[in-house]
Amino acid sequence: MSLRLRRRDFLRGMAAGTAAAGTFGGLDLGRALAAQRSPNEKLNIGIIGVANRAASNLEGVQGENIVALCDIDDRYLDAAFGRFPKAEKYNDFRKLLERKDLDAVVISTADHVHASATVAALKLGKHVYVEKPMSHSVHEARVIAETAAKAKVATQMGTQIHATNNYRRVVEAIQAGAIGPVNACHVWVGKTWSEGSRPRETPPVPKYINWDLWVGPAPMRPYHPTYLPANWRRWWDFGCGTLGDMACHYMDLPFWALKLRHPTSVESQGPPVHPETTPRWMIVKFEFPARDAMPALDLTWYDGGKKPALLREAGLPDWESGVLFVGEKGLMLADYDQYKLYPEEKFKGFTPPPQSIPNSIGHYAEWINACKNGGPTTCNFDYSGALTESVLLGNVAYRTGKKLDWDAKALHATNTSDADQYLKREYRAGWTL
């Protein structure tokens, strides 16, 4: 046992210097670390963000060794420490990542910090779970995916619904041709994140909040309680609006079922663009090229109460949120928990195809198992990176007010340079990828 531990510690110690190359002496670093671990041995996990959405992610991995807790709010940090008194507390995730005993990290910060924490952990050879969206910008998503590919560690984005049985059955039915080739898809949510102008008041920062660390790589601004918790999603500097919050969940279904990757064009509409805050509603049209035997696809996103006219025209249920696949043989309406085929008379007595996708062992369990055994995850950063890039391009198109002809390989809109300012951001001094 001591020999195995010494070898594992040696490999882990080499992680910082070799993760960029992804190998050590020709040996895949992530798999080498996994190979030194007994399947029954617990991971040492650091938790970056411990409350609100982060609390659920902490619950998902609490069966492992929680050795470090990080949050900019000492109230949240102390509450989590009460449950995990053996863990060490941090306000700065960069200090947490200096620990030599970490195997993996779970990152559940505000969107604008996702990339900084994720890339730093990947470069150190740590397994990473990060909440959706994977990044705050399109460029960051690409950097994360490329860094993960080199590090070859276990990665998972927090699209928890991906693990449900219903999503698997939808994917099976679509790919089995239940409604024929699909050339259009509509995705909508009733939720909205929007806000007015920047607060003028500058109240003092509460003693329990480290405001400088919360702002992180974003431009500094005065503290105001309107930003915390959750409302940061409404502000371009910190969040990605309703699209960033929800599309990684709902667009995940057509991405998986229709084997989507990168759009060739994106255009958006909504209220007049506000320089500070995200829109009350948005409609985004993505054009995807043909894939294998699947035809080219128009995918349209709606939020803030907007919905596809086809729901009314076809007499379909007026679901608050959902996904509508439009096939040559019929329609499929789906959400997190169910799917239905239309016209109902045509599909009466429909027999689903044989199950071909195994039921998930659990979204968090998939990642933990991959950390220990070197296996794949279903929402790894290669898959989730392409999904996140596509989602965030909707915001770029909206903010430019132009249709973007998209060159995914070059990460560039070929028809306008106006998009460049929204694809990548400047980082505040002391913060980098």
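The values are calculated or read from the model by the stated rules, or taken from the named source; none is laboratory data. It should be emphasised that the depicted structure is a prediction, and the values quoted were computed from it without experimental measurement. With ideal geometry, Cβ positions are generated from the backbone for all residues, glycine too; neighbour counts draw on all protein chains shown. Ligands, DNA and RNA are stripped out before the accessible areas are found, and what is left, the full protein with its side chains, is counted by its heavy atoms. Shrake-Rupley method; radii C 1.70, N 1.55, O 1.52, S 1.80 Å.
The table below gives the values:
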{"read-out": "Conditions (1) among the hydrophobic types (A, V, I, L, M, F, W, C); (2) within 27 Å of L96 (Cβ to Cβ); (3) open to solvent by less than 20 Å² (accessible area, probe 1.4 Å): number failed by W232", "value": "(3)"}
{"read-out": "Cβ pairs under 6 Å, 6+ apart, first in segment 306-329 and among the aliphatic types (A, V, I, L, M), second assigned to a strand (DSSP E or B)", "value": "L316/L333; V323/V187; V323/A334; L324/H186; L324/L333; V326/A184"}
{"read-out": "Test: residue in segment 368-381 that is in contact with a Lys or Arg (Cβ under 7 Å, 6 or more places away or on another chain), in contact (Cβ under 8 Å) with a residue 60 or more places away in the chain and farther than 30 Å from G270 by Cα", "value": "yes"}
{"read-out": "Residues satisfying the stated conditions in segment 175-200, i.e. closer than 16 Å to F238 by Cα and of a type outside the set (S, T, N, Q)", "value": "W193, E195, G196, R198, P199"}
{"read-out": "All positions within segment 334-356 that are under 30 Å from I47 (Cβ atoms) and surrounded by 12 or more Cβ atoms within 10 Å (Cβ to Cβ)", "value": "Y336"}
{"read-out": "Top-ranked residue in segment 174-192 [being outside any loop (DSSP other than H, G, I, E, B) and not hydrophobic (A, V, I, L, M, F, W, C); ranked as least open to solvent (accessible area, probe 1.4 Å)]", "value": "H186"}
{"read-out": "Filtered residues of segment 127-146 (kept if touching a residue at least 40 places away in the same chain (Cβ under 8 Å) and part of a helix (DSSP H, G or I))", "value": "V138, H139, E140, A141, R142, V143, I144, A145"}
{"read-out": "Criterion: open to solvent by 10 Å² or more (accessible area, probe 1.4 Å), at pLDDT below 95, of a type in the set (S, T, Y) and farther than 20 Å from D382 by Cβ - qualifying residue of S38, S56, S108", "value": "S38"}
{"read-out": "Positions within segment 196-229 being open to solvent by less than 20 Å² (accessible area, probe 1.4 Å) and without any contact (Cβ under 8 Å) to a residue 40 or more places away in the chain, in sequence order", "value": "R221, Y227"}
{"read-out": "Unique match (being in contact with a strand residue (DSSP E or B) (Cβ under 6 Å, 6 or more places away or on another chain), part of a loop (DSSP other than H, G, I, E, B) and open to solvent by less than 30 Å² (accessible area, probe 1.4 Å)) among P271, P254, P263", "value": "P263"}
{"read-out": "Hits in segment 314-325 (condition: of a type in the set (A, V, I, L, M) and open to solvent by less than 30 Å² (accessible area, probe 1.4 Å))", "value": "L316, V323, L324"}
{"read-out": "Selected residue (criterion: modelled with the highest pLDDT) from residues of segment 361-380 that are open to solvent by 30 Å² or more (accessible area, probe 1.4 Å) and closer than 18 Å to A257 by Cα", "value": "N380"}
{"read-out": "Selection from segment 336-349 of residues that are part of a loop (DSSP other than H, G, I, E, B), more than 13 Å from R169 (Cα to Cα) and at pLDDT 95 or above", "value": "P343, E344, E345, K346, F347, K348"}
{"read-out": "Out of D298, D303, D292, sole residue that is in contact (Cβ under 8 Å) with a residue 24 or more places away in the chain, charged (D, E, K, R) and open to solvent by less than 30 Å² (accessible area, probe 1.4 Å)", "value": "D303"}
{"read-out": "Residue selected from segment 82-94 under the condition over 28 Å from G430 (Cα atoms) and not in a loop (DSSP other than H, G, I, E, B), by the criterion farthest from the chain's Cα centre (by Cα)", "value": "G82"}
{"read-out": "Looking only at segment 381-421, and only at residues there that are among the polar types (S, T, N, Q) and within 22 Å of T147 (Cα to Cα), the one that is surrounded by the fewest Cβ atoms within 10 Å (Cβ to Cβ)", "value": "S390"}
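Residue-wise test of (1) open to solvent by 10 Å² or more (accessible area, probe 1.4 Å); (2) of a type outside the set (A, V, I, L, M); (3) at pLDDT 95 or above; (4) farther than 25 Å from G241 by Cα.
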| position | (1), (2), (3), (4) |
| --- | --- |
| A117 | no, no, yes, no |
| A121 | no, no, yes, yes |
| V130 | no, no, yes, no |
| A145 | yes, no, yes, no |
| K150 | yes, yes, yes, yes |
| Q160 | yes, yes, yes, no |
| E172 | yes, yes, yes, yes |
| S194 | yes, yes, no, no |
